[in-house]
Each structure stands twice: as C-alpha cells, then as structure tokens.
Amino acid sequence: MQRPAYPEIPLDGLPRWAAVRDPDGAAITTESGICTFAELDRQTDRVAHYIRRTAGGAGAVVGVASALDPAFAAAYYGASRSGHTFALISPGLGEGPLHQICTAAGIEIAFVPAATAALLTALRGRLPRLHTVVVIDAGAAPAGTITLPFALAGTADDPVVVGGDLDAVTCVRFRAGRAGRPEGVRLTHRSLVAQARKAALVHRLGPDSVTLNHFPAYRDIHLNSGVYAGASQVLCREPDPVASFARTPPPAASIGLDQG
C-alpha cells in the first residue's frame with residue numbers, strides 16, 4: 001500500500017488535495033449513494049461561500065455539530081474554508097451545555113442536526129448572537145431554521161482559494177472544565193492535519209482503504225484521517241450495517257448534498 005506524502009496544507013485543503021488526486025473516488029458512502037472527493041470539495045466551496053455571505057462580518061464564529069452524513073463533512077471543511085473560526089458542538093448536548101458553548105464561543109451561524117436545531121430554536125431568545133441555524137441531516141427542520149440544500153441554492157460554485165497561515169486557529173473544541181463548565185481548546189490547521197496524518201498512519205490507511213463508521217456521530221478525527229489518506233468512508237446510520245446496505249445498495253453515480 002502506498003501511503004500519501006504529508007501535505008503542508010490547511011485543514012480545508014484536505015478535500016481539495018483528495019479531489020486533485022482522485023476526483024471520482026468514493027469519499028463518503030451512505031445508503032443513499034456516493035459522494036465523490038470532487039463533489040465533497042465542490043460542496044465545501046459552496047458552504048464557504050454561504051458562510052461568507054451570511055456572516056455578520058470578519059471574525060464570526062460558526063458552530064458545527066456532527067451528523068453521520070456527508071453534509072457534516074461539507075459543513076466542517078466549509079466553515080474552515082470560509083476563513084472564520086468554527087466551534088465543534090456535540091449533537092448529544094442538552095439545553096444547558098449547548099447554551100454554555102454557544103455563549104462562550106459567540107456562535108453566529110450553526111450547522112446542526114434537526115434535534116440540535118430544535119434545542120437552539122428554544123434557546124434563541126438567550127443567544128442574541130445566533131442569527132442562522134442550518135439543518136444538515138434528514139430530520140424535520142424546526143420553524144425558523146433552514147435546511148442545507150435550500151441554504152446552498154444559488155450559491156456560487158467558484159473554487160475558494162485554499163491556503164494561508166497553517167498556525168492560525170481554525171477550530172475550537174470544547175471539553176469538560178472546572179465546575180462542569182465547558183472549556184474551549186483552540187486548534188490550528190497544522191495541528192488538525194498532523195492529527196489526521198498520525199491517525200492515517202496508525203490505521204495504515206491509503207487510497208485503497210475502506211473504513212466503516214458505525215458510531216452514533218461522525219468524529220472529525222475519522223473524517224480527517226480518511227480524507228487525508230484518500231480512503232473511502234462508509235457511514236452506516238442504522239443498527240445493522242449489513243441489512244442497511246443490502247436493502248438499498250449505493251448507486252454507481254455520485255450524489256450531491258442538494259439531493260438530500
């Protein structure tokens with residue numbers, strides 16, 4: 001197996017790098033179909049354009065919560081590619097911790113699953129900086145929110161230039177702090193890509209590898225290591241992975257996030 005050389009690129013450069021190497025390769029597969037590396041990079045650009053157009057100004061913070069869906073990957077990389085800092089939100093948080101994280105980070109735009117969007121809607125009056133909530137999974141979008149396909153409708157497909165300071169902070173990850181209050185850990189492009197490289201090497205991932213994600217959430221270390229290595233990631237969103245894919249085999253053609 002040929003291991004990829006370490007790329008000196010920012011976090012949001014990973015899907016661009018993978019798309020250049022293998023545009024038609026299966027980046028993420030679900031029961032609904034296949035998202036190629038080229039498609040993931042295009043959707044990353046579209047999310048980045050949307051955030052730049054929607055953000056209140058420079059220095060906005062974008063919240064991104066995990067969903068076992070290709071849309072999470074586009075939101076994750078798109079938030080980074082937009083040039084704004086993004087904060088990772090656990091999709092299992094209750095109202096209290098969710099409010100604490102959104103307040104501490106100063107989140108203005110949130111890309112979250114429908115269940116988290118419902119909580120944010122209930123908290124809206126206590127989160128004055130939060131002005132846009134985008135639902136990234138197939139759940140029913142609560143009133144006052146927007147779904148990712150609709151949000152990206154008409155968004156420019158022009159490629160966003162990838163590059164910049166590798167030591168700039170791009171992500172804030174929260175952990176349990178003193179007295180139960182969450183504490184944010186600031187992560188740079190360089191540190192996140194280095195983590196991806198380490199995970200890919202430890203698990204011996206390469207362009208011919210196929211990984212199965214059967215966790216309740218899509219952890220960014222698994223996403224980044226797979227894209228870094230050019231591996232194909234299979235997301236199973238139901239209890240029985242064999243029955244899930246046997247019932248609805250993925251089509252040969254790629255799918256876009258616009259199609260759900």
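Observations, loosely collected:
- Taking the stretch 75-97 as the range and being assigned to a helix (DSSP H, G or I), in contact with an Asp or Glu (Cβ under 9 Å, 6 or more places away or on another chain) and touching a residue at least 40 places away in the same chain (Cβ under 8 Å) as the test, the residues that pass are 76, 77, 78, 80, 81.
- Test: residue in the stretch 167-177 that is touching an Asp or Glu at 6+ places or on another chain (Cβ under 6 Å), crowded, with 16+ Cβ neighbours inside 10 Å and modelled with pLDDT under 95: no
- Residues that are assigned to a helix (DSSP H, G or I) and modelled with pLDDT under 80 within the stretch 178-196 comprise 178, 179, 180, listed in sequence order.
- Tabulated pairs, the stretch 195-220, first on the phi > 0 side of the Ramachandran plot, second of a type in the set (A, V, I, L, M) and exposed (fewer than 13 other Cβ atoms within 10 Å of the Cβ), C-beta under 9 angstrom, 6+ apart or interchain: 204/1
- Among the residues of this structure, residue 205 does not count as one that is surrounded by 18 or more Cβ atoms within 10 Å (Cβ to Cβ) and either closer than 15 Å to residue 85 by Cβ or among the basic types (Lys, Arg) (or both).
- Taken together, the criteria exclude residue 41 from residues that are out of contact with any Cys (no Cβ under 6 Å at 6 or more places or on another chain), more than 18 Å from residue 111 (Cα to Cα) and acidic (Asp, Glu).
- Selection count where residues are under 29 Å from residue 241 (Cα atoms), assigned to a helix (DSSP H, G or I) and among the charged types (D, E, K, R), scope the stretch 22-54: 3
The values are calculated or read from the model by the stated rules, or taken from the named source; none is laboratory data. Because the structure is predicted, anything quoted here is derived from the model rather than measured. Positions of Cβ are generated from backbone atoms using ideal geometry, with glycine treated the same way; all protein chains shown enter the neighbour counts.
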